[in-house]
Amino acid sequence: MTTEPLLSVRDLTVSFDTDDGLVQAVNGVSFDVHPGETLAVVGESGSGKSVTAMATMRLLPRSARISGSITFDGRDLLSLSDREMRRIQGEDIAMIFQDPMTALNPVFTVGNQLAEAIRIHHPDVSKKAASERSIELLEIVGIPEPRIRVENYPHEFSGGMRQRAMIAMAIANQPKLLIADEPTTALDVTIQAQVIEVMRKAQEATGAAMILITHDLGLVAGVAERVQVMYGGRLFETGDTGTIYYRSRNPYTQGLMRSIPTFAKRTDERLSPIPGSPPSAINLPAGCSFRPRCEFAEAICRDEEPALRPLDPAGAHQSRCHFAEELPDFSQRTAEVAG
Amino acid sequence: MIAVFAYVARRIMTTIPLLLVGTFIVYALTASVADPLAKLATCNQCDQAAFDRLIDLYDLDKPIPLRYVYWMRDAATGDMGQAPTEGSAEVFPLVMDRAINTARLAIPAFLIIATLAVALGVYSAVNQYSKSDYFVTGFSFVGISMPTFVFALLLQVIFAVWWQDWFDAKPFYVSQMHTGSISEVVRSHILPITTLVLVITAAESRFERASMLEVINSDYIRTARAKGLPRRRVVLKHGLRNAMIPLVTIWAIDFAALLGGSVVTETIFSWPGLGPLLLRAIFNGDLNLTMGIIMFISLLVIFFNLIADLVYGMLDPRIRYE
Ligand SMILES: Nc1ncnc2c1ncn2[C@@H]1O[C@H](COP(=O)(O)OP(=O)(O)OP(=O)(O)O)[C@@H](O)[C@H]1O
Ligand SMILES: [Mg+2]
């Protein structure tokens with residue numbers, strides 16, 4: 001990419017002081033998001049996806065220790081005052097959360113909450129204009145009879161409609177960056193695709209860049225230009241969506257791939273979740289943190305933590321594995337297994 | 001709106017059996033321990049006619065359930081009978097008279113309690129684990145664990161004995177309300193009100209803190225913050241209303257209890273309210289008076305529960321009256 005990145009995260013490290021010890025949630029993560037592009041962040045539960053997003057929004061609790069830098073539109077977010085950051089929250093960066101059933105305030109109407117999002121950043125907009133704009137927003141996200149629905153309380157909306165309302169709220173101020181943290185995980189399978197479609201439309205309507213967080217690699221195809229895979233608070237692989245899908249050079253990514261139903265079917269391979277469970281964020285194993293679950297692990301993996309290495313001259317594809325070059329292609333391997 | 005009226009009507013209907021069962025239990029218990037003839041038994045000059053008069057007056061020859069029915073029939077027409085141990089005063093006006101005195105403490109106390117509890121609870125929750133939070137939770141802990149009489153006596157000793165010259169605490173008498181100066185009225189009310197406020201605020205602020213903490217950690221508060229709302233607005237608009245919903249029930253219980261008379265506080269401050277009256281009625285075995293006060297308290301509880309449910313519906317749109 002030749003454009004200046006919109007968001008540039010460098011060496012982000014987040015830990016939490018808890019009663020059980022220091023929780024290392026995010027560990028030296030660096031990435032860029034360019035204007036208008038969609039970056040998918042994938043990884044199992046506890047890999048630090050949400051913490052990365054919340055750090056960008058500056059919504060982490062005070063118990064979080066944050067280091068590194070987050071530059072958005074040329075400004076270092078971590079050094080802004082709360083007041084300066086509030087001007088960015090909901091205006092330039094907006095967030096969509098996982099559980100639409102609880103993310104809206106039950107005691108205010110959907111319209112009230114939409115209008116509030118507009119008027120807090122644009123106090124000069126009249127109540128009436130904000131209300132009209134709320135109706136328009138509901139229309140954009142495909143809520144039928146928006147003029148009536150705007151008066152409803154969240155409990156009068158279905159789960160899918162609430163998530164649409166959340167999307168409407170997120171794009172209310174034409175943000176430059178949308179962060180969607182597992183926006184479909186809590187929804188019915190049949191509605192997931194619709195909501196993803198609405199998000200794409202919303203993104204188109206605003207020209208916003210998007211960080212789409214999910215633990216489902218299958219969701220990413222056709223939505224994101226680039227994918228980045230996280231494990232135990234670290235970046236494990238990053239690259240264009242096609243590269244990650246077909247030429248992944250990381251055993252963890254390949255494991256994730258094999259646990260996607262559609263993929264497994266296409267390659268005639270049995271659906272197989274990665275054995276074992278993610279590392280505890282309190283005691284990360286020495287060496288490569290994926291080693292205990294990795295089928296390719298050798299002695300060096302225990303002794304030495306692999307670095308995130310570029311695999312092409314441009315550095316668009318990077319992987320954290322000692323054997324990145326030697327690994328068989330995911331598609332080849334599955335073909336072998338099938339044959 | 002019509003749904004609300006229908007709901008209220010239905011609620012009142014369902015309360016009637018509750019009231020009947022409740023008052024019957026109290027009636028049966030009181031009637032079986034209170035024996036109006038006991039005092040006469042030691043009376044030398046009293047003849048059989050005196051006994052007969054009492055037996056006739058209280059239907060003592062009838063079984064208790066039947067006596068209850070007679071009492072209820074009269075009570076339903078507003079005739080609560082007389083209180084033989086209070087100089088045969090009519091029960092209804094007597095109870096009303098004392099209820100007003102009790103309300104002189106209960107209403108200001110409740111208003112202060114409700115405001116303080118919300119303010120302290122919210123402040124404490126928003127500043128969780130700060131020094132001021134520890135101070136507030138410490139105060140609640142002391143307030144909840146210490147019996148009321150300790151506060152009452154402490155306040156009395158400090159302000160009405162040690163610092164009496166400076167504070168000049170006044171006793172309360174009814175005509176004070178018409179003839180006394182404002183400062184005199186304040187000085188007679190302030191100690192008992194403070195006692196009630198300390199004890200009940202301790203419990204309520206703790207409850208409000210817990211409720212607010214739960215709200216603060218909820219997803220919609222995170223959403224509100226993500227919109228870029230200032231902290232004050234997040235707490236006061238998005239947090240407070242949700243955190244007050246569970247408190248409404250507690251308010252109903254506490255306010256009804258306050259208006260029903262606080263036995264300990266009123267007794268210690270010699271307050272002519274319902275509390276000491278009920279205590280005397282029970283000790284003296286005054287069935288009519290006991291029943292009159294119990295009836296009043298029951299109605300209070302029922303009434304404020306109904307109010308609570310209506311307020312609940314105003315605060316929480318998810319509540320429906322069906
Ligand atoms: N406030 C906090 N205090 C302590 N630990 C935390 C806190 N928030 C997150 N963590 C820890 O940080 C680690 C990363 O959490 P994170 O929520 O980012 O995972 P995730 O990748 O979003 O997973 P999921 O798919 O479950 O949402 C986890 O081990 C989690 O327990
Ligand atoms: Mg998460």
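At a glance:
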item	result
Whichever residue in region A:18-73 is farther than 20 Å from A:CYS288 by Cα, charged (D, E, K, R) and more than 14 Å from every other protein chain (Cβ to nearest Cβ) and, among such residues, is farthest from ligand 2 (Cβ to nearest atom)	A:ASP73
Subset of region B:169-178 [part of a loop (DSSP other than H, G, I, E, B) and open to solvent by less than 50 Å² (accessible area, probe 1.4 Å)]	B:ALA169, B:PHE172
Subset of region A:135-145 that is open to solvent by 30 Å² or more (accessible area, probe 1.4 Å) and part of a helix (DSSP H, G or I) - its residue that is farthest from the other protein chains (Cβ to nearest Cβ)	A:GLU139
Lone qualifier among A:GLN89, A:GLN98 - being open to solvent by less than 30 Å² (accessible area, probe 1.4 Å) and either within 9 Å of chain B (Cβ to nearest Cβ) or among the hydroxyl-bearing types (Ser, Thr, Tyr) (or both)	A:GLN89
Near pairs, Cβ below 6 angstrom, 6+ apart or cross-chain, from region A:174-188 (assigned to a loop (DSSP other than H, G, I, E, B)) to any residue that is away from ligand 1 (no atom under 12 Å from the Cβ) and of a type in the set (Val, Ile, Thr)	A:GLN174/A:THR206; A:PRO175/A:ILE93; A:PRO183/A:ILE96; A:THR184/A:VAL195
Elements of type helices (runs of 4 or more DSSP H) contained in region B:216-322, each with 3 or more residues being within 14 Å of chain A (Cβ to nearest Cβ), surrounded by 21 or more Cβ atoms within 10 Å (Cβ to Cβ) and not basic (Lys, Arg)	B:219-226, B:240-259
Residue list for region A:183-199, restricted to those being surrounded by 22 or more Cβ atoms within 10 Å (Cβ to Cβ) and either within 13 Å of chain B (Cβ to nearest Cβ) or within 16 Å of ligand 2 (Cβ to nearest atom) (or both)	A:PRO183, A:THR184, A:LEU187
Any hit, region B:187-200, residues being free of Cβ contacts under 8 Å to residues at least 24 places away in the same chain and not in a helix (DSSP H, G or I)	no
Enumerated strands (runs of 3 or more DSSP E) restricted to region A:201-320, each holding at least 1 residues that are touching a Ser or Thr at 6+ places or on another chain (Cβ under 8 Å), away from ligand 1 (no atom under 16 Å from the Cβ) and open to solvent by 30 Å² or more (accessible area, probe 1.4 Å)	A:226-231, A:308-310, A:318-320
Among the residues listed as A:SER126, A:SER158, the single one being closer than 29 Å to B:GLY313 by Cβ and surrounded by fewer than 15 Cβ atoms within 10 Å (Cβ to Cβ)	A:SER158
Condition met for A:ARG75 (without any contact (Cβ under 8 Å) to a residue 24 or more places away in the chain, assigned by TED's automatic domain parsing to the domain that holds A:GLN203, within 15 Å of ligand 1 (Cβ to nearest atom) and out of contact with any strand residue (DSSP E or B) (no Cβ under 7 Å at 6 or more places or on another chain))	no
Verdict on A:ILE171 being away from ligand 1 (no atom under 16 Å from the Cβ) and touching a Gly at 6+ places or on another chain (Cβ under 6 Å)	no
Among residues of region A:146-161, those that are in contact with a helix residue (DSSP H, G or I) (Cβ under 9 Å, 6 or more places away or on another chain) and either more than 14 Å from chain B (Cβ to nearest Cβ) or free of Cβ contacts under 8 Å to residues at least 40 places away in the same chain (or both), counted	8
Selection count, region B:8-35, where residues are open to solvent by 40 Å² or more (accessible area, probe 1.4 Å) and either assigned to a loop (DSSP other than H, G, I, E, B) or in the same structural domain as B:VAL301 (by TED's automatic domain parsing) (or both)	1
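Results for (1) near ligand 1 (Cβ under 10 Å from one of its atoms); (2) open to solvent by 30 Å² or more (accessible area, probe 1.4 Å), shown as yes or no for each residue.
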{"site": "A:ALA25", "(1), (2)": "yes, no"}
{"site": "A:SER30", "(1), (2)": "no, yes"}
{"site": "A:ALA40", "(1), (2)": "no, no"}
{"site": "A:LYS49", "(1), (2)": "yes, no"}
{"site": "A:THR52", "(1), (2)": "yes, no"}
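The values are calculated or read from the model by the stated rules, or taken from the named source; none is laboratory data. Bear in mind the structure is a predicted one, so any value in this text is a computation, not a measurement. Neighbour counts are summed over all protein chains in view; Cβ atoms, including those assigned to glycine, are modelled from backbone coordinates with ideal geometry. Ligands, DNA and RNA are excluded from the accessible area calculation, which covers all protein heavy atoms including side chains. Shrake-Rupley method; radii C 1.70, N 1.55, O 1.52, S 1.80 Å.
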